[in-house]
Amino acid sequence: MPGQRLLAAVDIGSNSFRLLIGRVAETPTGSQVYPLDSLKETVRLASGLTREKRLDAASQQRALAVLQRFGERLRSFAPDQVRAVATNTLRVAKNARDFLQTAEAALGFPIEVIAGREEARLIYSGVSHTFPPQNGQMLVVDIGGGSTEFIIGQGHEPRLMESLFMGCVSYSLRYFPGGEVDRYTLKQAELAAQKEVEVIARDYIASGWETAVGSSGTAKALGEILESNGYSDGVITRAGLERLREALLRAGNSNRLKLEALKADRVPVFSGGLAIMSAVFTVLGLETMQVAEGALRQGVLYDLLGRSQRQDMRDVTIEQFMQRYGVDRTQARRVGALAQHLLGQAAQGSEEELEAISRVLGWAASLHEIGLSIAHSGYHKHSAYILSNADMPGFSKMDQIKLAAIVLGHNGKLTKLSGQLTGPNDWLAVLALRVAVLIYRRRADMPEPELHIAASDKGYALHADAQWLTGHPLTEFSLRQECLEWGKIGLSVELV
């Protein structure tokens with residue numbers, strides 16, 4: 001269909017990898033995304049985590065082979081049409097950064113490792129956009145391979161979001177190696193999961209919900225198995241889970257379990273998923289749970305749609321942080337405008353690369369002083385700490401790391417950024433922000449000085465009007481000290 005607008009989401013999960021391609025359609029009530037093509041492959045990435053939390057070679061090879069196949073399907077897509085996200089296993093793997101470089105080359109697109117609450121937000125978006133509208137609040141539970149997300153929201157707005165470190169792959173490996181199941185180990189797995197859920201139960205029960213919904217593989221598999229075996233009418237029920245539990249115990253091994261609709265790729269992780277779902281029902285007092293078609297990948301598509309329509313969740317988050325930490329908006333505007341002006345004079349790369357670093361610099365200028373809410377001394381370190389560790393809806397972990405590094409580098413010694421920034425545009429963004437902060441040290445509006453940055457053989461040349469510098473001796477002194485600071489990391493910055 002020529003002329004159609006397509007978006008693609010890649011979900012690099014701990015159990016399965018999924019690719020969803022959607023077609024954007026404009027309706028009287030707004031834009032909708034309709035599924036056009038999908039691929040799913042079981043990788044069980046979480047099973048490749050060693051005791052030292054490193055991905056083994058076999059799991060990496062399985063993953064790369066799948067990503068290459070996905071990459072072929074996406075070969076005609078532009079960068080702004082695709083978003084690839086990775087979840088719990090790559091959040092915890094110590095060698096994730098090395099693997100991601102190879103993985104991105106195989107897929108042909110950047111891969112974002114997202115935090116647990118960001119995963120929860122996207123899951124809720126996927127469910128709320130594909131599930132029939134509900135009155136009142138909705139509880140969404142998503143049991144993945146390495147983590148389980150819990151969200152309470154209303155309409156398309158999530159209100160409570162948590163991610164717990166338990167999943168069908170990790171629990172199956174820990175409690176049911178080889179598929180063996182007995183009453184004692186099943187109870188131990190359920191108790192361990194109950195202990196995790198109890199941490200959040202009080203707040204969730206106090207908030208309340210009218211509808212409970214399960215999303216993703218475990219919930220969908222349980223719903224299909226219960227219906228196909230006559231244990232329920234397509235919903236997950238407490239009584240149905242108990243019948244599955246007894247059937248599993250009679251079999252003694254998940255590999256010997258004979259149930260209609262139990263697919264071969266679900267067998268190795270069935271016991272862990274059942275134990276977690278049973279624990280969720282027990283702790284939260286559930287009797288029934290409906291099953292949703294939408295999940296993380298649909299949420300990624302709608303988030304990507306929002307970005308394309310300039311309704312980027314990251315901008316909303318920046319605005320919320322500015323309000324929460326009492327940012328001096330006038331100063332942030334001054335610094336941001338000059339920093340962007342300087343960056344635009346010397347940054348190099350594709351249009352997408354230039355837009356990406358410009359956005360990061362804009363966010364950094366908006367939030368570089370949030371650490372003042374803690375203390376003036378070392379405020380840039382406080383700012384960077386907040387940005388590194390806070391939940392920031394819409395941001396991947398890599399987004400946060402880069403943003404925090406640029407904010408950390410806007411003041412003080414540059415040697416502390418060793419290993420945190422890579423490309424020349426990242427360093428140029430730090431230089432632009434540092435210069436802008438120096439120029440507006442008085443925190444007052446003034447005619448913008450004649451400043452220009454140009455690339456030189458060994459770094460950058462900063463051109464300033466000599467007469468202006470003479471009239472601003474403190475700024476001239478600070479800029480010359482700035483040049484010396486860059487020399488300490490082997491990058492030449494000259495004031496000419």
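Some points to look at:
- Lone qualifier among 333, 307 - being among the basic types (Lys, Arg), farther than 24 Å from residue 83 by Cα and either without any contact (Cβ under 8 Å) to a residue 40 or more places away in the chain or in a helix (DSSP H, G or I) (or both): 333
- If you go through the range 447-465 and keep only what is aliphatic (A, V, I, L, M) and free of Cβ contacts under 8 Å to residues at least 60 places away in the same chain, you end up with 461, 462, 464.
- Failed item, numbered, when residue 150 is tested on (1) farther than 18 Å from residue 114 by Cβ; (2) touching a Leu at 6+ places or on another chain (Cβ under 9 Å); (3) surrounded by 18 or more Cβ atoms within 10 Å (Cβ to Cβ): (1)
- Exactly one residue out of 340, 345 is in a helix (DSSP H, G or I), among the polar types (S, T, N, Q) and modelled with pLDDT of 95 or more: that is 340.
- Selected residue (only one of 171, 124 is under 26 Å from residue 188 (Cα atoms) and surrounded by 17 or more Cβ atoms within 10 Å (Cβ to Cβ)): 171
- Sole exception among (1) surrounded by fewer than 16 Cβ atoms within 10 Å (Cβ to Cβ); (2) within 27 Å of residue 162 (Cα to Cα) for residue 348, by number: (2)
- Condition check for residue 161: closer than 25 Å to residue 52 by Cβ, among the aliphatic types (A, V, I, L, M), outside the structural domain of residue 49 (by TED's automatic domain parsing) and not in a helix (DSSP H, G or I): no
- Qualifying residue in the range 101-123 (condition: among the hydroxyl-bearing types (Ser, Thr, Tyr) and in contact with a strand residue (DSSP E or B) (Cβ under 9 Å, 6 or more places away or on another chain)): no
- Among residues of the range 93-109 being of a type in the set (D, E, K, R) and surrounded by 13 or more Cβ atoms within 10 Å (Cβ to Cβ), the one that is farthest from the chain's Cα centre (by Cα) is 98.
- Hits in the range 483-494 (condition: closer than 16 Å to residue 411 by Cα and either among the polar types (S, T, N, Q) or under 35 Å from the mean Cα position of the chain (by Cα) (or both)): 485, 486, 488, 489
- The one condition from (1) closer than 30 Å to residue 124 by Cα; (2) crowded, with 21+ Cβ neighbours inside 10 Å; (3) modelled with pLDDT of 90 or more that residue 385 does not meet is (2).
The values are calculated or read from the model by the stated rules, or taken from the named source; none is laboratory data. Keep in mind the model is a prediction, meaning the values are calculated, not measured. Please note: Cβ atoms are built from the backbone with ideal geometry, for glycine as well, and neighbour counts cover all protein chains shown.
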